[in-house]
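First up is the structure itself, then whatever we jot down about it.
The values are calculated or read from the model by the stated rules, or taken from the named source; none is laboratory data. Source: prediction; values computed, not measured. Positions of Cβ are generated from backbone atoms using ideal geometry, with glycine treated the same way; all protein chains shown enter the neighbour counts.
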Amino acid sequence: MELFIKILSIPVVGTFLKFLYQFFTKEKAKELNIEKAKFILDNCGKDFKKSFVIPNLEESYFYERTGIATNYKSIPLYEELKNKSGKNYTWASIRKAKSHFLFEENKIVVKVSTFDKSIAEISLLLILYLSVISFGTTILLSQISWGKDFIQMIIMILFLMFVVGIVAYAINPTIMAMGIKKELEKNNKKSLLEDI
């Protein structure tokens, strides 16, 4: 039982540290103070304002609104990607899939490797399998009276559902990227047919 607790604590601590990191990152990117921004824009040289201040303000504002950290020149590319990817995809889903984006020829291309697709599909099967096992265990649990077996079954169900949640969380970016890629390909086919 002690080994089980140690194994279970590793993903819990990792998840906690991730959320802690995200919390402090968001604290750095607090809302822009409009008056400070106006003061800076009014009191600096035109070259400095044009080359540094305005791009920096746009990057900060874009990050604050979307959660995507990027440079000034790629902001229009992300906006174009969001517009082309359809109504179902928000900034949150685009942010999740960002690890699968490549910049090619002034546009964002979604690249999902065969390995990533395979892992996502295997993981979805694993999630389904573990969910069925948890459901089956729950049915068996109704036949067991209170005692050591009952507690072990409860722990097993909770552990399986925890694993299902971790696996689903891990493959979410790949699933989002696959969906965005499919939507972009569909929109490209539509635009090619309209051009003919």
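Quick notes on this structure:
- Residues that are in contact (Cβ under 8 Å) with a residue 24 or more places away in the chain and aromatic (Phe, Trp, Tyr) within segment 65-100 comprise Tyr78, Tyr89, Trp91, listed in sequence order.
- The one condition from (1) surrounded by fewer than 17 Cβ atoms within 10 Å (Cβ to Cβ); (2) closer than 22 Å to Leu184 by Cβ that Pro55 does not meet is (2).
- Which numbered condition Asn88 misses (of (1) at pLDDT 85 or above; (2) within 25 Å of Gly165 (Cβ to Cβ)): (1)
- Test for Asp47: is it more than 30 Å from Met178 (Cβ to Cβ), exposed (fewer than 11 other Cβ atoms within 10 Å of the Cβ) and at pLDDT 75 or above: yes
- Set Leu128, Leu141: member being surrounded by 14 or more Cβ atoms within 10 Å (Cβ to Cβ) and at pLDDT below 90: Leu141
- Within segment 41-133, helices (runs of 4 or more DSSP H) holding 2 or more residues that are in contact with a Gly (Cβ under 8 Å, 6 or more places away or on another chain): 91-96
- Verdict on Thr174 being surrounded by 12 or more Cβ atoms within 10 Å (Cβ to Cβ) and at pLDDT 90 or above: yes
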